[in-house]
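Below is one structure, written out as structure tokens; the observations come after it.
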Amino acid sequence: MLKRVAYYPGCSCEGMAIEYDQSVRALCYVLGIELVGIPDWNCCGSTPSHSYDPLLGAALAGRNLAIARSQGLDVVMTPCPSCLKALKTANQVFRERPSEFLDVLGMPFSGDVRAISVLQLLYEEIGPNLIQKAVKFPFKNKKIVPYYGCLLTRPPAFAQFDDPENPVSMDRLIEAAGAAVPDFPHKTECCGAALGITQRDVVMRLTGRILDMARAVGADALAVACPLCQQNLDLRQDQVNRALKENFNLPVLYITQIIGCALGIDRKTLGIEKLAVKTDALFQSA
Amino acid sequence: MDDKTNALREHVKGIFSNLELVLGWEPGYDPLHTRPFYVRTESDIDRLTANCLSFQNLTRYLAKSMNAVDPAADGRKIGVCVKGCDSRSLVALIQEKFVSRDRVYVIGLPCRGTLDARRIRALVPDPARIRSVNAEGDELVVETDRGISRFALDRAIARKCLQCRYPNPVIHDVLIGDPVTPRLKIDAENPSVAAVEALSLEDRLLFWENQLDRCIRCFACRNACPLCVCQNHCIMETRMPKWITQYRNMNEKFMFHMIHALHLAGRCTECGECERVCPVGIPVALIKEKINAIIYEMLDYESGIDPEAVPPLLTFSPKETGI
Amino acid sequence: MSSKSDAKQEREIKIVGFLCNWCSYGGADTAGVCRFRQPTDLRIIRIPCTGRIDPLMIVKSLIQGADGVLVSGCHPNDCHYAVGNFYARRRMEVLKRFLPYMGFQSDRFRYTWVSASEGQIWQQVVTDFSETIHRLGPNPGLHQTVDSAPAVSWF
Amino acid sequence: MRIGVFICQCGTNIAGTVDTRAVAKKAMEFPDVVFAVDYMYTCSEPGQKEIQDAISSHRLQGVVVAACSPRMHEPTFRRAVKKAGINPYMFEQANIREHCSWIGTDREANTRKAIDMVRMSVEKLRRNQALFSTQVAVNKRVLVIGGGVAGIQAALDCSDGGLEVVMVEREPSIGGKMAKLDKTFPTIDCSSCILGPKMVDVAQKENIRLYAYSEVEAISGYIGNFKVDIRKKATYVDWNACTGCGECTQKCPSKKAFDHFNEGLGATTAINIPFPQAIPKKARIDSDYCRYLTGGKCRVCEKICPVKAIRFDMKDEIVTEEVGAIIVASGYDLFDARVYGEYGGGRYPDVISAMQYERILSASGPYGGHIRRPSDGREPKEIVFISCVGSRDISVDRPYCSGICCMYIAKQAIMTRDHIPDSNCYVSYMDIRAPGKGYDEFIRRAQEEYGVKYIRGRVGRIYPRGDRLVVQGADTLLGVQVEIEADLVVLATGVECSAGARPLAEKLRISYDQHGFYMESHPKLRPVETNTAGVFLAGVCQGPKDIPASVGQGSAAASKVQALFSRDTIETDPQVAHVNENMCIGCGKCEQVCPFGAIRMKTLRDGSRKSEVLETVCQGCGLCNATCPNKAIQLRHSTDDQILAEINTLFD
């Protein structure tokens, strides 16, 4: 089992998704995993950089891997699927176009630093069994549905994690946290992503579908592992209600918050109160 | 008369009635040599000798010169004296079914190294004056008609002995003498091979050309090799197929040694006999030692250790990847 | 080549190819049928199976002056004779690692697996290997006499 | 030796980029060459005549033809020189077309290369020996592996030709996949009505010996003389005694056994007869479900059986059969749709495979031929068929087309509309592949006459809504997203190699492609032969195909066997290994590496050990030759001297 990983929070965990960052740190602390900060880390480049120049995008992300390597670490963990994609792309571009990549990067790069998501860390390195044993406050009689979004398992050859179309890693983790997991067909449907800024109606429709399905299968809450998904499902839930004339009231928690709660970490540390949709009902025992 | 020789004679006396004959050594024509000796009668036993001059690998005589395969011969076994290196040749012969384990009685002699006549000559320029040589601890005591001189043993023993990893016989029915600590670990890098590899590619070619240029194709190396089982049916001596011609040039000399080396790939047990007998001083064994290193690295295999193992180039594994 | 003297200096590169009849020889045929352009340096010897290859054939070629030796057979598990290429693989890999020790450029020898349908891959293999050999230049062969040689002392 | 060299221009195929005249001229300088000429089409009738004339007028003893690939025309030229009185192995072919003229445009370089290639051929030919085939007796019995429709056809054809047939079938009954089908396309023939009589024939033909519920354990030997060990798996019922009355199946208390024949829809008893038309119609105990075999108590069938055929102590048994040829018709498996997580196969009961649907449609199926949903037994009204599930998809390592799904979907849709006239059938497809006779018309009937709605595009997801299934996909012709609320979804699962295909291939020493389908000798010209002499292929084990093609191959393989058996002896390929006993030191390394067991050691009168080649077993790979340290064993026609001569001549 990994004991020590480099931690790359990415920009959203510094701001909008700070509760994700808080819960990841708290959970890893409790699970005994040392998160080593990457000194002077920089933006992974996100969508704009690779749209402008793929080499630049790769090099931006690659710089963080190179720094991690210089700290003697060979695994970088990031909570954000988009950052994860950027970090993995850096390694791929390095393999395909090494000399150009190194030119742009301008620092030593080994290509052997592995990037993993926090979900991967929890599922593959720690595993549901260990987590289940550590659970103190299981979510009894609650139904929580996992929502994976588009990036965590796809494209399969790139993600190399879980079943691309019917992932189960978060299902198993939620079960470990004591909640029931109903079959949730929309677990990998698109939430609309960044179109929330330019074409909000698309997000309203797509996010609405996901929420609708979650309600239909009787979920008390959704679990996510992506800041952008969380934003669309949680922060925009009010907007969705208005646009679709609905009255969804589904808390959307990060998987780290869910496991954190089950492990007995207090809700404030996990940043639960920062969520837009109130979670009180979820924590009342039925 | 040293203790080892005495112990050997005593042991052989005790068991000789059960043996058809014993392969050993006897003193040679000068104080620097012993020679192979077939103990056929009780009275021969007192001619047996075992010391730092017992360099011949006697297993070479086992395979072809006697019926060592058929265990039913007459119920009596063939005794054979082996040093650590010789024992590996014996195992290799058993692996290749040239010798039946049931047919041989293996007398193991742990060995601290055998002398290299060439190196002694470098120490004592006029060998005719030598009356005796003796290993005493870490020292070599040379008695000449001018007196006694002492040298560090390491200055006089063979190259193969200086990098010995198996001084103790890997199989034996009896062990005469105490086990010896190996000079190198089993997975240690071969220092001689490393020395050649330290040269540039161009220099390596020149080095080998310079060495092999001396070759007169006398076949001494082949004849001494216990695993050159073809002997007088050797590919080098036939022109059908014509792998090699009688032309005396570098191409043919190189080819000759490449054939010898590759025929021993995965089989050579590094007894060093080929190198010892070379009349022109070519480090012939050094070629094979590299192939052994490759096979050890690639397939984790050493010849002459496990009597049940199949030589690696006579088998395969479908799962191997990366090669 | 502009003049005769040039032609002599830049003598034609010759690469010996040992191709198994069932896969790679067929792959080379496929490449031909598809008119996949390839360098002309290769001289193919048709053998039944890479298992037929004695590494000494490769040594012989190199000593005789071949600028390159290319061995190609069926992909592992696809051997027409079931296992011939598994044996060949070990034997050739030992040789490949051994050649530089004797002072041969190991890049002059390559072994690969190409099936009868992989015309395009065959084209790539031939093109790439020919380029490698052209980069290395003609095989200088062995020196027939040695004036001075480096000494090696092991002990 | 007097050698003639013939340089083929192949029209302009060679002459376009090779100066054939110059090559011929140069060839005259090569040792032993007494005649050289270039010719327009050497392989043509007059071209062959030219060779034959030159052989007699120049008293040639060997011939080199520089032309196309020997893989193409070596047999042609060997025949031609043989007719003119030269041993066919005194012929060499230089491949100056595929390996030279076609791959470069530099005429000078090509010409130099062609000259080298001719020189190599001449040098090899100078070391050729006349070779002669030997004759071996043929055991005129044939083994058919697999009792599906391809194997049945092959067996019946062989049997009709008077051959003794041994058939081995893995399952308790023959019939294969076809026996499970309700109807066949494009004629909507009742599958069991057309297959049934053939199955009965297999059982009744006196010269067919059927081993059902058996597998091939080991194969040794060679063309004309194979020895086959067959494992008869324990059925726990003495089939000699069992009459197939079915009493036991009525009374068996273990009624939850997996029903393989019905693809797991419904259940069967632990002791069962797979289906009413089964051949042989014998009961078998499924040891996974039998109460006595799993729990030690019950033995009801033993008490009930009127002929006392139950044998709880039965063990697998190995029997040996000797045959002269083998037809492999080992069939295929269907793709496991659970691989596609987005379709929910295996999770949603109303997402089923097409084979399951076939059983639902069948009157002998679990629902008696009434179309019902597995979940609640309701008759579905909206039915979606999804094609290419496990076909033409690189992401699941199935890049090939299964070739049958387009057609069987159309058939199933037509059947559905027949059964339930007020139903709606949708087919989601990528392309429609209907190249057979009457096939495209059939698809059009489905669309036009039966109103099946064809939607071009992939389905992205299936999820339940209430008790129905939402099928979400794209219509790429209209460029819109499509959502259909369906009652039942049928996945047209593709074809993949049978799970046992690879191990069986290794026993047979035949090769298979990357997807596990067996390799034919030549994809165009030898489609039912393998590269192991005496082993033939039929049906889907060689590659996806439909029933008529499988039957065609079954007949083709049978005719190949009959042709082979039409002679009492067969000629062996003389290009085999040969031991020079004077050189052989008896080390046995050749015996150790031979993949075919074609070498054995013998002891001469003087006690020396020598190796010996069984020429009929030797396949001519040359592994022994490469292994032999002193080259005492030589592969004829590819000897060391011949190969060395080819190398040496390049660097003279």
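The values are calculated or read from the model by the stated rules, or taken from the named source; none is laboratory data. Since the model is a prediction, treat every value here as computed from it, not as a measurement. Reconstructed Cβ throughout: ideal geometry from the backbone, glycine too, with neighbour counts over all protein chains shown.
The single residue among A:L263, A:L228, A:L270 that is buried (at least 24 other Cβ atoms within 10 Å of the Cβ) and not assigned by TED's automatic domain parsing to the domain that holds A:L84 turns out to be A:L270. Any chance the stretch D:545-555 includes a residue that's of a type in the set (K, R), within 14 Å of the chain's Cα centre (by Cα) and at pLDDT below 95? Among the residues of the stretch D:545-555, not one is of a type in the set (K, R), within 14 Å of the chain's Cα centre (by Cα) and at pLDDT below 95, which makes the answer no. Checking the stated criteria, D:Y213 turns out to be among the aromatic types (F, W, Y), surrounded by 17 or more Cβ atoms within 10 Å (Cβ to Cβ) and out of contact with any Phe, Trp or Tyr (no Cβ under 7 Å at 6 or more places or on another chain).
Out of the residues in the stretch B:233-247 meeting the condition of being surrounded by fewer than 22 Cβ atoms within 10 Å (Cβ to Cβ) and in a helix (DSSP H, G or I), tell me which one is nearest to the other protein chains (Cβ to nearest Cβ). It comes out as B:H233. Of the residues making up the stretch C:24-50, those that are free of Cβ contacts under 8 Å to residues at least 60 places away in the same chain and among the charged types (D, E, K, R) are C:R35, C:R43, C:R46. Would you check if there is a residue in the stretch D:415-431 being at pLDDT 95 or above, among the small types (G, A, S) and more than 21 Å from D:I484 (Cβ to Cβ)? No, that holds for no residue.
Restricting attention to the stretch D:261-278 and to residues that are under 17 Å from D:A203 (Cα atoms) and touching a Gly at 6+ places or on another chain (Cβ under 7 Å), the residue that is surrounded by the most Cβ atoms within 10 Å (Cβ to Cβ) turns out to be D:I273.
Any chance the stretch A:169-191 includes a residue that's basic (K, R), at the interface with chain D (Cβ under 10 Å from one of its Cβ atoms), crowded, with 19+ Cβ neighbours inside 10 Å and in contact with a strand residue (DSSP E or B) (Cβ under 8 Å, 6 or more places away or on another chain)? Checked against the condition, which is being basic (K, R), at the interface with chain D (Cβ under 10 Å from one of its Cβ atoms), crowded, with 19+ Cβ neighbours inside 10 Å and in contact with a strand residue (DSSP E or B) (Cβ under 8 Å, 6 or more places away or on another chain), the stretch A:169-191 yields at least one hit. When the stretch B:270-323 is limited to residues that are out of contact with any Asp or Glu (no Cβ under 9 Å at 6 or more places or on another chain), of a type in the set (V, I, T) and closer than 25 Å to C:G103 by Cβ, the one that is farthest from the other protein chains (Cβ to nearest Cβ) turns out to be B:V277. Which residues, taken from the stretch C:57-101, are at the interface with another protein chain (Cβ under 7 Å from one of its Cβ atoms) and among the charged types (D, E, K, R)? Passing the criteria: C:K60, C:D78, C:R89, C:R90, C:R91, C:E93, C:R97. Being within 28 Å of the chain's Cα centre (by Cα), among the hydrophobic types (A, V, I, L, M, F, W, C), modelled with pLDDT under 95 and buried (at least 20 other Cβ atoms within 10 Å of the Cβ) is the requirement here; does D:L491 meet it? Against the criterion (within 28 Å of the chain's Cα centre (by Cα), among the hydrophobic types (A, V, I, L, M, F, W, C), modelled with pLDDT under 95 and buried (at least 20 other Cβ atoms within 10 Å of the Cβ)), D:L491 does not qualify. Looking only at residues of the stretch B:204-220 that are hydrophobic (A, V, I, L, M, F, W, C) and without any contact (Cβ under 8 Å) to a residue 24 or more places away in the chain, we find that the one that is nearest to the other protein chains (Cβ to nearest Cβ) is B:L205.
Filtering the stretch B:211-232 to residues that are on the phi < 0 side of the Ramachandran plot, outside any loop (DSSP other than H, G, I, E, B) and surrounded by fewer than 18 Cβ atoms within 10 Å (Cβ to Cβ) leaves B:A220, B:N223, B:N232. Taking residues in the stretch A:55-71 that are in contact (Cβ under 8 Å) with a residue 40 or more places away in the chain, and partners anywhere that are in a helix (DSSP H, G or I) and acidic (D, E), the pairs with Cβ atoms closer than 7 Å and at least 6 places apart or on different chains are A:L55/A:E100. For D:A36, are the conditions met, namely being surrounded by 18 or more Cβ atoms within 10 Å (Cβ to Cβ), in contact (Cβ under 8 Å) with a residue 12 or more places away in the chain and closer than 26 Å to D:I103 by Cα? Criteria met by D:A36. Name the single residue that is farthest from C:I44 (Cα to Cα) among those in the stretch C:95-142 being hydrophobic (A, V, I, L, M, F, W, C) and touching a Pro at 6+ places or on another chain (Cβ under 7 Å). Top of the filtered list is C:L95. When the stretch D:380-389 is examined, which residues are found to be assigned to a loop (DSSP other than H, G, I, E, B) and within 14 Å of chain A (Cβ to nearest Cβ)? Once the filter is applied, which keeps residues that are assigned to a loop (DSSP other than H, G, I, E, B) and within 14 Å of chain A (Cβ to nearest Cβ), the stretch D:380-389 yields nothing. Taking (1) within 29 Å of the chain's Cα centre (by Cα); (2) crowded, with 24+ Cβ neighbours inside 10 Å in turn, D:I188 satisfies each apart from (2). Kindly evaluate A:A214 against the criterion of being out of contact with any Gly (no Cβ under 8 Å at 6 or more places or on another chain), surrounded by 20 or more Cβ atoms within 10 Å (Cβ to Cβ) and either within 14 Å of chain D (Cβ to nearest Cβ) or basic (K, R) (or both). When the stated conditions are applied, A:A214 passes them.
Looking at B:R267, is it assigned to a loop (DSSP other than H, G, I, E, B), within 14 Å of chain D (Cβ to nearest Cβ) and in contact (Cβ under 8 Å) with a residue 40 or more places away in the chain? Here the answer is yes, as B:R267 does meet what is asked. Of all residues being acidic (D, E) and in contact (Cβ under 8 Å) with a residue 40 or more places away in the chain in the stretch D:157-181, which is surrounded by the most Cβ atoms within 10 Å (Cβ to Cβ)? Just the residue, please. Checking each candidate, the answer is D:E169. Against the list (1) away from every other protein chain (no Cβ under 13 Å); (2) under 19 Å from the mean Cα position of the chain (by Cα); (3) in contact (Cβ under 8 Å) with a residue 60 or more places away in the chain, the condition B:N223 fails is (3). Strands (runs of 3 or more DSSP E) fully within the stretch A:47-152 that include at least 1 residues being closer than 30 Å to A:D212 by Cβ and not charged (D, E, K, R): A:114-117, A:144-147.
Residues that are of a type in the set (S, T, Y) and not in a loop (DSSP other than H, G, I, E, B) were ranked within the stretch D:611-652; the one that is nearest to the other protein chains (Cβ to nearest Cβ) is D:T627.
Summed over the stretch D:57-88, the residues that are buried (at least 21 other Cβ atoms within 10 Å of the Cβ), within 14 Å of chain C (Cβ to nearest Cβ), touching a helix residue (DSSP H, G or I) at 6+ places or on another chain (Cβ under 8 Å) and more than 13 Å from D:I7 (Cβ to Cβ) give a count of 1. In this structure, is C:H80 more than 14 Å from the chain's Cα centre (by Cα) and surrounded by fewer than 17 Cβ atoms within 10 Å (Cβ to Cβ)? In short, no.
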